[in-house]
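Here the structure comes first, spelled out in structure tokens, and everything after it is commentary.
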Amino acid sequence: MNGMELRQRYANVLERLDAACAAAGRAREEITLIAVSKLHPAAAVAAAAGAGQTDFGENYVQEALAKRGELARDPACRGIRWHMIGHVQSRKAAQVAGAFALIHTLDSRKLADGLERRLACPAEEEEQAAGSARQRVLLEVNVAAEPQKSGVMAEDLPALADYILEACPHLELRGLMCLPPVFDAGEAARPHFARLYALRENLRARLGLPLPDLSMGMSGDFAAAVAEGATLVRIGTDIFGPRPAKV
């Protein structure tokens, strides 16, 4: 895809997001667009950044870190905020901690412990820069209790949130994330988005924390997610086109 086509696709997504916000009676500033760039080349990220996009989501740790390194010297990419939106194995926690503006997929005590250890004891060369930095995280919720999917079950959500607040001072809990059981299905996903919103409201009341973020909605269903309270929508195909096959 050439840069002109990508910019047009990006502009179309922005128009649709504006329309979704207007239909839901929400201010556009309430929603952050995350351009999901997994499996797309660094050049595509640079083109989107040049068009004004700031937040990018990646699913695979090694790919994300390599892409970030490749773009580090590009002036158009200096303001990028990287998001980890894919499942993170606990053994890769040390690579992820502190490397992303927001981790959307925290779903276990084991991963929380791994992130906390890394943040509490940064590598020697990072200590001065890291200081008392906290890693922002969302809890990924398995809203439909699908056994094949990652994510904390709804009934276990309060206990995991309590654990993070009590045992992980270097993690900042910001809200919730979900992947509904129906993919890019428009209104069919809406009940699952509504459930995530309700879970967030219950947790907010229980913990006395603002928990401002709800990460939900993709290319085919983000309008429904916006209507149900999303603050972060993750859109890839409609910006970058079909993903190349993973090698």
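For region 9-121, take the alpha-carbon Rg, divide it by the Kirkwood Rh, and send me Rg/Rh.
On the way: Rg = 15.7 Å, Rh = 15.3 Å.
Checking Rg against Rh, the ratio lands at 1.02.
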In straight Cα distance, which lysines are under 21 Å from Lys110, not counting same-chain residues fewer than 8 positions off? Lys92, Lys149
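Express the C-alpha Rg of region 134-184 as a ratio against the empirical globular expectation 2.2 N^0.38 Å, rounded to two decimals.
Cα Rg divided by the expected 2.2 N^0.38 Å: 1.22.
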Rel. contact order, % - alpha carbon contacts under 8 angstrom, at least six apart, region 6-120: 20
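How many Å² of accessible area per residue for the chain, probe 1.4 Å? Can you show the working numbers first?
Working: 11540 Å² over 247 residues.
On a per-residue basis, 47 Å².
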Computed accessible area, Thr54, all protein chains, 1.4 angstrom probe, square angstrom: 50
Mean shadow area of the chain over all directions, Cα convex hull, nm²: 13.4
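At a threshold of 8 angstrom on Cα-Cα distance, excluding pairs fewer than six apart, so keeping six or more, what relative contact order does region 102-247 reach in percent? It would help to have the intermediate numbers written out before the result.
On the way: 241 pairs, mean separation 29.5, N = 146.
With pairs under 8 Å counted, the relative contact order is 20 percent.
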The chain: most fluctuating residue of Met177, Met84, Met153 per GNM, C-alpha cutoff 10 Å: Met153
Enumerate the calculated ³J(HN,Hα) couplings along region 168-182 in order (Karplus 6.51 cos²θ - 1.76 cosθ + 1.60, θ = phi - 60°), each rounded to whole Hz, writing x wherever the residue is Gly or Pro. 10, x, 8, 10, 10, 6, 10, x, 10, 9, 8, 10, x, x, 9
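If you take the beta carbon distance between Ala205 and Ala22 as r and set R0 to 35 Å, what does 1/(1 + (r/R0)^6) give as a FRET efficiency, to the nearest 0.05?
On the way: r = 29 Å, r/R0 = 0.84.
It comes to 0.75.
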Which percent of the accessible area of region 35-137 is formed by carbon and sulfur heavy atoms (probe 1.4 angstrom)? 47
Of the trypsin sites (Lys or Arg not before Pro) in region 40-82, which ones lie in a loop per DSSP and count no more than 15 other C-beta atoms within 10 Å? Arg73, Arg78
Give the relative contact order (percent, whole number) for the chain; include only Cα pairs under 8 Å separated by 6+ residues. 21
Whichever lysines have a C-alpha closer than 18 Å to that of Lys246, once near sequence neighbours (fewer than 8 apart) are set aside: Lys38, Lys67
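The values are calculated or read from the model by the stated rules, or taken from the named source; none is laboratory data. Here the structure is a predicted model, which is why all the values come from computation and not from measurement. All Cβ positions, glycine included, derive from the backbone under ideal geometry; neighbour counts span all protein chains shown. These area figures cover heavy atoms from the full protein model, side chains too; ligands, DNA and RNA do not enter into them. Shrake-Rupley method; radii C 1.70, N 1.55, O 1.52, S 1.80 Å.
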